[in-house]
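Notes follow the structure.
The values are calculated or read from the model by the stated rules, or taken from the named source; none is laboratory data. It should be emphasised that the depicted structure is a prediction, and the values quoted were computed from it without experimental measurement. Glycine also receives a Cβ, built like all others from the backbone with ideal geometry; neighbour counts cover every protein chain displayed. To get the accessible areas, we keep the full protein, side chains included, count just its heavy atoms, and leave off ligands, DNA and RNA. Shrake-Rupley method; radii C 1.70, N 1.55, O 1.52, S 1.80 Å.
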Amino acid sequence: MATQSDFSADEWSAIRNAPHVAALAVAAAGSSGLGTFKESFAAMEGVMSAQKSDSALLRELATREQAMAGQTFLRQQMTFGMTQQQMVDKLQTMASEQLAAAVRALNAKAPADAAAYVTWVSGIATKVSEAASEGGFLGFGGERISAAETAMIDKLKSAMNAA
């Protein structure tokens with residue numbers, strides 16, 4: 001089982017940050033308004049779920065230190081003055097790039113952990129998409145998972161599968 005010391009700084013950054021970027025990309029793709037709080041909670045819950053994983057790598061990624069570093073990375077990437085569409089586009093691109101880099105590094109240096117990582121990140125994205133209804137009023141009505149969220153999850157999965 002791999003740990004942080006098995007990867008370069010850039011590889012580890014991608015491995016650590018990709019789940020956080022993917023979660024925010026899915027949340028931003030939807031338009032749930034107040035549901036964003038539910039999506040944020042679902043994202044962190046998904047990240048922290050790895051604390052119970054059989055994979056030492058995933059457990060390491062779910063430590064407080066690593067989760068905080070992933071959140072700090074996200075804050076550094078967001079620019080004030082961006083329109084919602086600009087933010088969605090940036091997050092989509094960044095999530096795809098980070099996930100592809102992370103899975104490439106895992107396939108090369110820790111193939112035993114790669115499948116668990118892909119499953120974990122896919123689960124986080126799904127959990128975020130299911131956290132709040134889209135298109136309703138104050139959380140009532142609307143659809144459970146929007147077409148935009150589904151499309152984003154499909155793009156993320158494609159990026160991971162292409163790596």
Check whether at least one residue in segment 48-65 is assigned to a helix (DSSP H, G or I), farther than 26 Å from Ala148 by Cβ and among the acidic types (Asp, Glu), and report yes or no.
-> yes
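Return yes when Glu65 is among the charged types (D, E, K, R) and either within 16 Å of the chain's Cα centre (by Cα) or surrounded by 14 or more Cβ atoms within 10 Å (Cβ to Cβ) (or both) and no when it is not.
Details: among the charged types (D, E, K, R): yes; either within 16 Å of the chain's Cα centre (by Cα) or surrounded by 14 or more Cβ atoms within 10 Å (Cβ to Cβ) (or both): no.
Taking the combined requirement at face value, the residue does not satisfy it.
Could you tell me whether Gln84 is more than 25 Å from Ser5 (Cβ to Cβ), in contact (Cβ under 8 Å) with a residue 40 or more places away in the chain, open to solvent by 30 Å² or more (accessible area, probe 1.4 Å) and not hydrophobic (A, V, I, L, M, F, W, C)?
When the stated conditions are applied, Gln84 passes them.
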Which members of segment 64-106 meet the condition of being polar (S, T, N, Q) and over 18 Å from Met152 (Cβ atoms)?
-> Gln66, Gln71, Thr72, Gln76, Thr79
